[in-house]
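Step one of this worksheet: look at the structure below.
The values are calculated or read from the model by the stated rules, or taken from the named source; none is laboratory data. Just so we're clear, the structure is a prediction, and the values are computed from it rather than from any experiment. Note: ideal-geometry Cβ built from the backbone for every residue, glycine included; neighbour counts use all protein chains shown.
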Amino acid sequence: MNAPPLAETQREFFGALLKPLRGRSRRSTELPACDEPHDPVFLATADSLLRHSPSLLPAECLELYHRQYWFRILDSLEEDFPGLIRLIGKETFWEIAENYLLENPSRGFTLRHLGTRLPEYLKKHLADPVMQRRAVAVAEIECAMMAVFEAPDAVPVPPEHIAGGTPITLHPAVILLAHQANASDWLHDESTSWLDDAGVHFHGAVWRTPTHNLRHTVVPHGAFRMLSQIREHPMSLHEWLSVCASDVPEPATLTEWFSTWRDREWFVAPTAFNSTPITL
């Protein structure tokens, strides 16, 4: 009898790893308790693909791989979303994390992308509307911080070149976000209190500093609209101010905004990087 193609064997093996943790492996995590046995497919896969060792049955051999897969992705998700855990609590987080990972298993070579769908998942599965909008905002900021960490480098445009008419755009390591909760201030304060944010829209930015530290902050609505324009359509300073005329504030405020953006080295030439700027 001919052996199945390698790709088919790999799919079958990986499919077994995606099954939920059970038994001692599960009890070694903070996942909700569950006394259900292994899925029959898991056991059948073990008998089909693995031989028993002198001390382990095929299912026990497969469980070694199964455990390491789940332990790694659970650890990664916990490391990536400390603010979300603090907000919704560990018990709720682990329940959500397991269900999320069952629907969105690891599909790439890097674990950085593992939680990218979590904000959308929270929108669908958190019933409390207040907690939902806050949790989504926190998770989006934490996703953005992972994204800007990997964003390409780019040399900032000197101020004199900006004044001289050089087309500019936002640095690829800057992500603009729109939220229904002021998660940035909450994350900075590391408090448990929120302002009354019902019906209020917040805008923010997440960026990587020249020394490769990760930062996030709330951005005024007009500033957000201006920055969004230069992100979508690179242009000269004169063109930018003309396009954004309705959002340009009084001179003192505009000077403050530009000084902040310049000091953060947010402005680069459109040709300063080859990759498409990261968005969420």
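A few points about this structure:
- Against the numbered list (1) in contact (Cβ under 8 Å) with a residue 40 or more places away in the chain; (2) under 23 Å from the mean Cα position of the chain (by Cα), residue 188 comes up short only at (1).
- Among the conditions (1) over 22 Å from residue 19 (Cα atoms); (2) at pLDDT 95 or above, the only one that residue 99 does not satisfy is (1).
- Filter result for residue 81 (hydrophobic (A, V, I, L, M, F, W, C), touching a helix residue (DSSP H, G or I) at 6+ places or on another chain (Cβ under 7 Å) and either surrounded by fewer than 17 Cβ atoms within 10 Å (Cβ to Cβ) or in contact (Cβ under 8 Å) with a residue 60 or more places away in the chain (or both)): yes
- Residue match in the range 33-41 (condition: assigned to a helix (DSSP H, G or I) and assigned by TED's automatic domain parsing to the domain that holds residue 116): yes
Let's see how each residue does on (1) modelled with pLDDT of 95 or more; (2) out of contact with any Asp or Glu (no Cβ under 7 Å at 6 or more places or on another chain); (3) outside any strand (DSSP E or B):
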| residue | (1), (2), (3) |
| --- | --- |
| 212 | no, yes, yes |
| 215 | yes, yes, no |
| 222 | yes, no, yes |
| 227 | yes, yes, yes |
| 239 | yes, yes, yes |
| 260 | yes, yes, yes |
| 272 | no, yes, yes |
| 278 | no, yes, yes |
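- Residue within the range 177-191 that is loosely packed, with under 14 Cβ neighbours inside 10 Å and either assigned by TED's automatic domain parsing to the domain that holds residue 119 or within 20 Å of residue 248 (Cα to Cα) (or both) present: no
- Within the range 71-118, restricting attention to residues that are outside any helix (DSSP H, G or I) and among the polar types (S, T, N, Q), the residue that is farthest from residue 10 (Cα to Cα) is 116.
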